[in-house]
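One structure is given here, and the rest of the page talks about it.
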Amino acid sequence: MRDDRLLAELAPTAGKLLDRHLTTAKEWFPHELVPWSRGRDFAEGEPFDPSDAGLSHAARSSLLVNLLTEDNLPHYFRTIAAHFGNDDVWGVWNRRWTAEEGRHAIVIRDYLTVTRSIDLRELERSRMMQVSLGIVPDPPTIADGLVYVALQELATRIAHRNTGKLLDPEGAAVMSRVAADENLHHLFYRDLVSAALEIDPSGMVAAIDRQVRSFAMPGAGIPDFKVHARLIASAGVYDFASHHDQILVPVVFRHWQIEKLQNLKAAAEQARERVVRHTERVGLAAKRMKSRLAPRPAPAV
């Protein structure tokens, strides 16, 4: 189905989902979550001291990636506006989503600054490099875009919440608050995909196939992203198990019920089979990773 037709047919549903979001979303204020009393002045050129916060390398990598992902907001807005337009319900949603995501960057950065949790010089240099590059996912169709952001928003929620588990109570509260917003964003897009599956099931299954098999978190422009991603996975913040157990199975199979869709075109049937096989492979990879990371029993004395 053409993008303009799909957007037109989805617009009434998008309006209802936007109303639901505005009713459900909780007003909150970044300055009320930041432990300002723990802050102190920075001397010019003062080096980073990891002992100030005592976090693991994985926790610092996760915080860096989480914040830099939020910092790339101008380019996400540009991409969404280019595909969905800046008028009607789509423009209203994009501007509201942008305002909420901007608040996430504010509260995380303020928390990191007062607690000295990561190297703020590295953070700023990485932000300058990433935003200057302007690299963000750019799905080819509206169907692909809906599927990608539905999966990505949930993945971001999981990563934020699990990062909070590595922090002090104040940090956990910050990440939990941000994760709650990300969950509402996920629900908006997840339910749009459900509606789109009723309008164009074969086209949407093809998009699900493409996005599931190529899915990657939006960090391509972050310096040393692969190194950070490995550390993040090793700490269980976001790994194969998270992706399989908390995204692919509950969303693609249980909620979108991809295996139960009927009257698909032949190409869509093949796409569905690829999604099933891919998900099985991710599940096996998750089991192998769990096995490798599982603590080994102590040798008998």
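The values are calculated or read from the model by the stated rules, or taken from the named source; none is laboratory data. If you're wondering where the values come from, they're calculated on a predicted model, not measured in any experiment. Counting neighbours? That spans all protein chains shown, and the Cβs are built from the backbone with ideal geometry, glycine included. Quick note on the areas: whole protein, heavy atoms, side chains included, nothing else; ligands and nucleic acids left out. Shrake-Rupley method; radii C 1.70, N 1.55, O 1.52, S 1.80 Å.
Tell me which of Ser242, Ser117, Ile158 sits at the most positive position along the dipole axis of the chain, charges placed on C-beta atoms (Lys, Arg +1; Asp, Glu -1). In the chain, that residue is Ser242. In terms of its C-alpha gyration tensor, region 181-241 has a prolate overall shape, because the principal axis ratio a/c (a ≥ b ≥ c, square roots of the eigenvalues) is not below 1.5 and a/b outweighs b/c. Assign one of three labels to region 51-127, namely rounded, prolate or oblate, based on the Cα gyration tensor with a ≥ b ≥ c the square roots of its eigenvalues; rounded applies when a/c is under 1.5, prolate when it is not and a/b is larger than b/c, and oblate otherwise. Taking the square roots of the gyration eigenvalues as a ≥ b ≥ c, region 51-127 is prolate. The slack between Lys287 and Lys165, meaning 0.36 nm per residue of separation minus the straight C-alpha distance, is 41.7 nm.
Once you reduce region 136-202 and region 243-266 to the center of their Cα atoms, the two points are 16 Å from each other.
Using R₀ = 25 Å, calculate the FRET efficiency as 1/(1 + (r/R₀)^6) where r is the Cβ-Cβ separation of Gln270 and Asp4; round to 0.05.
After rounding to 0.05, the efficiency reads 0.40.
Does anyone have the angle between helix 88-115 and the longest principal axis of the chain? Alpha-carbon axes, 0 to 90°, nearest 10? On a 0 to 90 degree scale, this one is about 20.
The angle separating the long axis of helix 120-133 from the principal Cα axis of greatest extent in the chain is about 30 degrees. With all protein chains kept in place, the per residue accessible area of the chain amounts to 50 square angstrom at a probe of 1.4 angstrom. One Cα centroid belongs to region 35-54, the other to region 69-112; the line between them spans 29 Å.
FRET efficiency for Phe42 and Val131, Cβ-Cβ distance as r, R0 = 25 Å, nearest 0.05?
0.70
The charge dipole of region 158-301, taken about the Cα centre with unit charges on the Cβ atoms of Lys, Arg (+1) and Asp, Glu (-1), comes to about 660 debye, rounded to the nearest 20.
Note that region 37-52 has calculated 3J(HN,Hα) couplings of 5, 8, x, 8, 5, 9, 7, 4, x, 4, x, 6, 10, x, 6, 4 Hz, one per residue in order, obtained from phi through the Karplus relation 6.51 cos²θ - 1.76 cosθ + 1.60 (θ = phi - 60°); glycine and proline are x.
With every protein chain in place and a 1.4 angstrom probe, the accessible-area ranking of Ile135, Ile108, largest first, reads Ile135, Ile108. When only the Cβ of Lys, Arg, Asp and Glu is charged (+1, +1, -1, -1), the dipole of the chain relative to its Cα centre reaches about 1140 debye. For the residues Ala82, Ala233, Ala143, a GNM of the chain with alpha-carbon springs under 10 Å puts the largest fluctuation on Ala82. Put a plus charge on the Cβ of each Lys and Arg, a minus charge on the Cβ of each Asp and Glu, and nothing anywhere else: the dipole of region 103-241 about its Cα centre is then about 400 debye.
Applying the Karplus relation 6.51 cos²θ - 1.76 cosθ + 1.60 with θ = phi - 60° to region 71-80 yields 3J(HN,Hα) values of 5, 7, 3, x, 6, 5, 4, 4, 5, 5 Hz, where x marks Gly and Pro. Angle of helix 3-24 to the longest C-alpha principal axis of the chain, folded into 0 to 90 degrees and rounded to 10: 50°. Using θ = phi - 60° in the Karplus curve 6.51 cos²θ - 1.76 cosθ + 1.60, the 3J(HN,Hα) couplings for region 183-196 round to 5, 5, 5, 4, 4, 4, 6, 4, 6, 5, 5, 4, 5, 5 Hz; x is entered for Gly and Pro. When the accessible area of the chain is computed with all protein chains present and a 1.4 Å probe, what percentage of it is carbon and sulfur? Taking all protein chains in place, the chain shows 55 percent carbon and sulfur surface.
Calculated FRET efficiency, Phe29 to His57, Cβ-Cβ distance, R0 = 35 Å: about 0.65 to the nearest 0.05.
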